[in-house]
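Take a look at the structure below.
Computed from the coordinates by the stated procedures, all read-outs in this text should not be read as laboratory data. Fair warning: this is a prediction, and the values are worked out from it, not measured in the lab. Counting neighbours? That spans all protein chains shown, and the Cβs are built from the backbone with ideal geometry, glycine included.
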Amino acid sequence: MSSAISTTTEQDALLRAGIDRSLRHPVMFFLTSGAAWLAVSIVLGIISSAKAHAPGFLSCCSWLTYGRVFPAHINAFIYGWGFQAAFAVIIWMMARLSRKECTAAGLILVAGHVWNLGVFLGLVGILSGSSTGMPWMEFPAFAWPVLLASYFAIVIWSFIQFRVRPEGHVYISQWYLLAAIVWFPWIFITANTLLHCLPGHPVMAAGINAWYKSALTFLFFTPVALGTAYYLAPKITGQPVYSYSLAKLGFWSLAVIAPWAGMQKLAGAPIPYFLPYVGAAATVMLFVPTISAAINLLRTAISSPEILASSPSLRFTLAGIGGLILLACSAVVLNLPDSTLPLTQFSLSGYGFEILALYGFFSFVMFGAVYFIVPRVTRREWLSRRLIKIHFLFSVYGIMAVALFAIFGGFEQGIGQEDWQQPWQNAASRAYPYAVGTTIAWCFILFSNIFFFIHLALMWLRLGRRSQHPTLFDAAHGHASSPHGEEGDIDNAGPGYISAH
């Protein structure tokens, strides 16, 4: 009996090693280029934030005016870092959970280069003054077909792997990832077709654009992050998902509620009166799927406090879940139609909410995935525990500061805007100290991410100590974690599943 178990374990190890080897170059390419774009985005964010309180900063360069550098900052973050981190996680996790090696790594890598070319040309278009003027869709119109074609070439293989997988369970992680893969083309094609190919009234164009921003946040980035967290938390702790009922509630409530959100940003516009209220109600109701998922993941993770203390992947993941809880609370507070929405609709608060979603939640979970995946695909240990701690601490403090400064500064700015008897300068003066704080906080985040990029690039060069079993850094004991921690690497032994039937 023990001989049969040993043989099965060896076969599993060989299969995992083959999967990791087949995806090494695409995964590391997406993560490293994404980290580079993240650093570029943060630099642009510092410049745009500085211009909010010092308009004369870099005024000698027309390419770096606020109207160009701010959308470049957001688009570099979303399409440069966000999507590429999602691609790396999706193709690796779907291959692992489907137990199939990737046979199209070369095509994925080529599509990844095309995606990066599209992002680069799109950013050049924004900075040169050819922006479309629609938030999160500022790339010139030629860019979106390029990005769409690249997207299909990258993710279609994950679908194929899922379809030809051995018969068995469908994990909750796969539910979320497959949903994100399907939802994004619907969102992207719908918005770009209606805005670029079939343009209508400008007011409705603004409504479609607002819906696109919300849908991209909650129907792509959120399910990717939740699917990743549902993979990492049980796998690292060696415990099953706390509640399958909560997992299903979170998934289906997100699928039903999220498509209705977004239109609250057009409150007061000449559109059907009910649309902003439906959008506001849906955004507030997103509290249900986000909190149910957060509770489920937290209860799963805290079942092993000793692993939480030593696992960088789990720390980043739980920090992201903390960001999700703050995001859920912010969605309620910022979108009450008759009280807070008029104050936050045209202020810095919207930016704070978006950064909390994209960085405080999504990016932190992606960082956790990076620290888990990279040693496995490179067969090398991370070079420095200190660099990981620097990345974690500066990122946590920095992003919380950015989000809080922007949200509370937006409230102050909104109060000044609503006081119509005072000059507009009053609103700008109210937000001034918060804008300064936001700039300083972005500098801390840049500092942490420079080290993150260097660390990641060195791992791609495979300069870490060779290891067949990726280990954790345990400061207290100086040795690797137990087999049930991050070294435990049996894909069907940790994560909870929901039957396909």
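Sorted into 10 angstrom bins from 0, the C-alpha pair distances of the range 190-315 split as 13, 34, 25, 17, 10, 2 percent.
Which one, W424, I291, L266, projects farthest toward the positive side of the charge dipole computed for the chain from Cβ point charges (K/R +1, D/E -1)? In the chain, that residue is I291. Assuming charge only on the beta carbon of Lys and Arg (+1) and of Asp and Glu (-1), the dipole of the chain about its Cα centre is about 880 debye to the nearest 20. Distance between the pseudo-spin-label points of S303 and C443 (7 Å out from Cα toward the beta carbon): 4.5 nm. For K389, the lysines whose Cα falls under 25 Å of its own Cα, not counting residues fewer than eight places away in the same chain, are K235.
Computed over the chain, the per-residue total of -39500 (n - 2.57) for DSSP H runs of n ≥ 4 gives a 222 nm mean residue ellipticity of -23000 deg cm²/dmol, rounded to 500. Between Y171 and I498, the built amide H atoms are under 5 Å apart, and every one of these is 5 or more places off in sequence or on another chain.
Residues with beta-carbon under 15 Å from that of F405, excluding F405: net charge, scoring Lys, Arg +1 and Asp, Glu -1? It works out to a net charge of -1.
In this structure the amide hydrogen of R380, modeled in the peptide plane, comes within under 5 Å of the amide hydrogens of S467, none closer than 5 places in sequence on its chain.
In plain terms, the chain from Y244 to A457 could stretch by 72.9 nm, reckoned as 0.36 nm per residue minus the Cα-Cα distance. For the pair F274 and H196, the difference between a 0.36 nm per residue extended length and the Cα-Cα distance amounts to 25.5 nm. The fraction of all Cα pairs in the chain landing in successive 10 Å bins from 0 to the largest distance is 4, 19, 31, 27, 13, 4, 1, 0, 0, given as whole percents. Counting only lysines at least 8 places from K265 when in the same chain, those with an alpha carbon closer than 18 Å to its own are K213. The value obtained for the range 235-286, namely the Cα convex hull volume divided by the number of residues, is 87 Å³ per residue.
Full extension of the segment from K389 to R21, taken as 0.36 nm per residue of separation minus the current Cα-Cα distance, would add 129.7 nm. To test your reading of the geometry: what angle, between 0 and 90 degrees and rounded to tens, separates the Cα axis of helix 2-53 from the longest principal axis of the chain? Result, in degrees: 20.
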